[in-house]
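To start, the structure under review is shown below, and the notes come after it.
A short reminder: the numbers here are calculations on the coordinates, not readings from a lab. These numbers were taken from a predicted model, which means no experiment stands behind them. Positions of Cβ are backbone-derived with ideal geometry, glycine not excepted, and every protein chain shown enters the neighbour counts.
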Amino acid sequence: MIYLVTGGAGFIGANFVKYLLGTHREIQIVVLDSLTYAGNLGTIKEDLKDARLTFVKGDIKDSKVVDGIFDRHPINFVVNFAAESHVDRSIENPQVFLETNILGTQNLLDAAKKHWSTGKDDHGYPTYKAGVKYLQVSTDEVYGSLGATGYFTETTPLDPRSPYSASKTGADLIVKAYGETYKMPVNITRCSNNYGPYHFPEKLIPLIIKNILEGKKLPVYGDGSNVRDWLYVEDHCKAIDAVVLRGTVGEVYNVGGHNEKKNIDIVKLIISTMRQMLEEHPEYRTAIKGIAGQARNDISYINEDLITYVTDRLGHDQRYAIDPSKITAELGWEPETKFEDGIVKTIRWYLENQDWVDEVTSGDYQKYYKQMYGKR
Ligand code: NAD
Ligand code: DAU
């Protein structure tokens with residue numbers, strides 16, 4: 001099986017590439033990624049040594065690049081992670097979100113349709129090769145915002161409220177349209193908030209970890225009461241794998257962690273967990289950046305006084321919570337990682353991988369691209 005994984009140098013895409021290489025022997029993967037600020041070749045540098053993986057630097061909107069990949073590789077599965085993914089950035093600059101997330105998706109669909117097509121049936125609908133599928137990685141944010149109760153199901157009306165979620169909704173509708181109009185074999189997955197290794201430190205959990213290590217304030221938007229449903233990234237990868245291989249064509253699957261937390265509780269939990277880990281494992285204190293006027297070994301500053309309530313995000317969605325019962329019933333998928341374990345694994349990963357954080361926040365990661373691309 002040959003996968004085209006777009007956005008495979010980003011957070012979830014890279015975790016998915018590692019998951020596929022670790023669990024499926026007979027596969028080939030082509031990663032297409034334009035390496036925006038959020039894409040980092042260093043994230044998959046070890047994976048690039050695997051002959052089953054090919055990296056292409058390019059834009060999902062570029063039809064020549066995407067066509068070229070389909071010409072060179074008999075792709076079975078497209079898994080589209082590539083996107084502008086950060087809500088705050090979409091509020092500042094919506095355009096690139098609409099371009100990448102909607103037009104990029106359409107371009108991928110067009111290429112897949114062209115290369116997978118085998119003719120037409122008696123009713124004039126295109127027919128396709130066997131064993132192919134396009135999977136759109138979407139988000140629970142397309143459903144809008146919940147009040148104190150209730151869950152998003154696959155039939156919850158779409159009600160996006162930010163430029164980011166509007167762009168992801170547009171993409172979902174295009175995917176659905178290609179499924180209906182051209183009978184393309186498609187699936188859509190809609191997932192809640194992921195966390196885990198390689199999460200870009202602009203998002204809540206890795207930002208809080210980074211700021212603690214730098215002795216900076218921990219910004220909590222509004223009153224911190226907003227709720228997100230956190231899912232460990234590897235569990236998400238398993239769900240996507242199940243939908244690619246076994247999902248019913250044309251269906252949408254919600255993927256969630258059954259793990260609702262208020263933002264303020266997440267921040268407090270990271271503070272206490274990190275402090276405990278640094279107390280029990282003094283060797284991790286090398287991850288603490290030099291903080292002016294303070295001995296490196298002094299971790300007494302890691303306490304809730306670091307929290308600062310800041311101006312709320314515009315249009316801030318109050319609560320997301322996924323009902324994943326469809327994917328559980330149909331494909332047997334369930335979240336496996338308890339949040340208490342996942343957050344410890346995540347914090348430990350960041351304590352042990354400060355080089356990665358420095359790399360992605362400095363722009364120096366481009367050197368990996370040059371090294372790797374030069375070799376291939
Ligand atoms: P990310 O921002 O970490 O990574 C996105 C990747 O896409 C980067 O490697 C970037 O370089 C690449 N990219 C961006 N624009 C591109 C373009 N035009 N052409 C080619 N590559 C491009 O994002 P993420 O958090 O890994 O999210 C991956 C997908 O999952 C996104 O579609 C996002 O909407 C969706 N999603 C994310 C979450 C989450 O919690 N992170 C939850 C649900 C759904
Ligand atoms: O729900 C799925 C979505 O989760 C994905 O579709 C998005 O791509 C992904 O970025 C994520 O969106 P959120 O906006 O929920 O994630 P973020 O980490 O930006 O924020 C999580 C919550 O924390 C949100 O309520 C805003 C709040 N927040 C965020 C930051 C960065 C803070 O209070 N302070 C912060 O500094």
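Structural remarks
- The H on the amide N of Gly224, modeled in the peptide plane, is under 5 Å from the matching H of no residue at least 5 residues off or on a different chain.
- Over all projection directions, the Cα-based convex hull of region 208-252 averages an area of 5.3 nm².
- Computed on the chain, with alpha-carbon pairs under 8 angstrom and 6+ residues apart, the relative contact order is 18 percent.
- Options Ala287, Gly342, Ile212, ranked by Cα towards positive dipole end of the chain, top entry (Cβ charges): Ala287
- Where only DSSP H runs of four or more residues are counted, the chain gives -12000 deg cm²/dmol as its mean residue ellipticity at 222 nm, each run worth -39500 (n - 2.57).
- Its Kirkwood hydrodynamic radius, worked out from the mean inverse distance over all distinct Cα pairs, puts region 210-296 at 16.3 Å.
- Cα convex hull of region 63-219, projected area averaged across orientations, nm²: 12.2
- Counting lysine pairs in region 65-217 that sit 8 or more residues apart in sequence, or on different chains, and whose Cα atoms lie under 30 Å apart gives 27.
- Among beta bridges from DSSP that stay inside the chain, the antiparallel ones total about 15%.
- Cut-off 20 Å (backbone N to label point 7 Å along Cα→Cβ of Thr118), residues of region 66-92: 70-78
- Cα Rg, Dmax (largest Cα-Cα span) when computed across region 164-223, Å: 17.9, 54
- Qualifying trypsin sites (Lys or Arg not before Pro) in region 233-335, DSSP loop, other Cβ atoms within 10 Å at most 11: Arg296
- When the inverse distances between all different Cα atoms of the chain are averaged and flipped, the Kirkwood radius reads 21.5 angstrom.
- Region 11-121: C-alpha pair distances exceeding 16 Å, %: 62
- The eigenvalues of the Cα gyration tensor, multiplied by 5 and square-rooted, give region 1-56 an equivalent ellipsoid with semi-axes of 17, 10, 10 Å from largest to smallest.
- Cβ-Cβ distance of Glu92 and Ala177, R₀ of 30 Å, FRET efficiency by 1/(1 + (r/R0)^6): the value works out to about 0.55.
- Between Lys45 and Met1, the modelled label-to-label distance comes to 3.0 nm, taking each label 7 Å out from Cα in the direction of the beta carbon.
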